[in-house]
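Participant: Before I ask anything, here is the structure I am working with.
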Amino acid sequence: MAEIAEEQIKVEQLKREISSLSQQLKQVSEQKEEKYKDKDAIDKKLNSLVKSAKDLRDKKKVIDGKIKDLKEKRGVFNSDISPMFAKLRDLRSAVMPREQKQRSRPPSIIRKQIEELEMKIQTEAPSFEREKKLMAQLKILKAELKEIKGEEASFSELKNFRDSIRTKKSEADDIHEEIQKLAKDSTEIFRQLTEKSQVIEAVQNDRDAIKSVLTDYKAKIEEMNSKLEDILKQWSAVSKQPLPELSELQATLKQKAAQAEEKLKTGGKLTKEDILAMQRQALKGR
């Protein structure tokens, strides 16, 4: 009798330990699941941040490519403009002395004088000496007019060449302005990428911290399962009470628990499902 009472006490003690350990295991498992939810949320946030950073890098790559192409184009313009300035200096050297010369009469007056002299020669029938004098004056006027036309052509060439330089320089300046704008955009994207990288690093640290906690939880659960398995072995060894009548569900649980007990007796390794089945049986008052 004393032996049966001692066995019953042992069974009840083991049942209490199983109940306590099962409760602890449940709490730790719930905590682990909550941490998994936190990890899932952080993974989603991290994926979103990484995608956003990739989009920014792709955008910056496109902009930097445009900047490279524009710089090459600007280089072509600059290489064209440099010799043009040398030619402009030569044109100025040739034209400026004439440009600075003071003319007493404009071309229109000279043309009018030429017309008047030609009219006199044709209509007045001057003497030989008079005609000779008029022809000499006409020759001087025509020479002067020719010189003016040459100067006007040089001035026109200089002006047109200046205009062509201004056009090329304006195009080069437009390209430079576009480069500056794109460079500003690239710098801004780099700033955003730097900030986002810092955020990503912080989120990765948070995720690593959660993974570390999950590892601890898993180790703790494994430890508790191992301990529970040992207690169930003890309980199975000392519990000799017959099983009560069970419903169909309880019968299934009984069968699983019996199979788990058989594993224990033959030295087999219990699965988590085996341990849960034996927990339920023990807590039902076997």
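The values are calculated or read from the model by the stated rules, or taken from the named source; none is laboratory data. Not measured: the values here are computed from a predicted model. Because the Cβ atoms are built from the backbone with ideal geometry, glycine has one as well, and the counts that use them run over all protein chains shown. Only protein heavy atoms, including side chains, enter the accessible area calculation; ligands, DNA and RNA are left aside. Shrake-Rupley method; radii C 1.70, N 1.55, O 1.52, S 1.80 Å.
Participant: Which one is farthest from the chain's Cα centre (by Cα) among residues in region 219-237 that are without any contact (Cβ under 8 Å) to a residue 12 or more places away in the chain and farther than 16 Å from VAL28 by Cβ?
Facilitator: So, considering only residues that are without any contact (Cβ under 8 Å) to a residue 12 or more places away in the chain and farther than 16 Å from VAL28 by Cβ, the one farthest from the chain's Cα centre (by Cα) is ALA237.
Participant: When only residues in region 55-95 that are modelled with pLDDT of 75 or more and among the small types (Gly, Ala, Ser) count, which is farthest from GLU171 (Cα to Cα)?
Facilitator: GLY65
Participant: Return the residues of region 41-56 that are small (Gly, Ala, Ser) and either touching a Leu at 6+ places or on another chain (Cβ under 9 Å) or without any contact (Cβ under 8 Å) to a residue 24 or more places away in the chain (or both); say none if nothing qualifies.
Facilitator: Matches in region 41-56: ALA41, SER48, ALA53.
Participant: Follow-up. Quick check: is even one residue across region 162-180 modelled with pLDDT of 75 or more and farther than 30 Å from ARG74 by Cα?
Facilitator: The answer is no, given that none of the residues of region 162-180 is modelled with pLDDT of 75 or more and farther than 30 Å from ARG74 by Cα.
Participant: Further question on the same structure: Looking for something at pLDDT 70 or above and surrounded by fewer than 14 Cβ atoms within 10 Å (Cβ to Cβ) - is there at least one such residue anywhere in region 96-109?
Facilitator: Among the residues of region 96-109, at least one is at pLDDT 70 or above and surrounded by fewer than 14 Cβ atoms within 10 Å (Cβ to Cβ), which makes the answer yes.
Participant: For the list (1) open to solvent by less than 20 Å² (accessible area, probe 1.4 Å); (2) under 42 Å from the mean Cα position of the chain (by Cα); (3) over 19 Å from LEU46 (Cα atoms), I need the number of the one condition that ASP216 fails.
Facilitator: (1)
Participant: Could you please give the count of residues in region 39-55 that are in contact with a helix residue (DSSP H, G or I) (Cβ under 9 Å, 6 or more places away or on another chain) and surrounded by fewer than 16 Cβ atoms within 10 Å (Cβ to Cβ)?
Facilitator: Residues flagged as in contact with a helix residue (DSSP H, G or I) (Cβ under 9 Å, 6 or more places away or on another chain) and surrounded by fewer than 16 Cβ atoms within 10 Å (Cβ to Cβ) within region 39-55 amount to 4.
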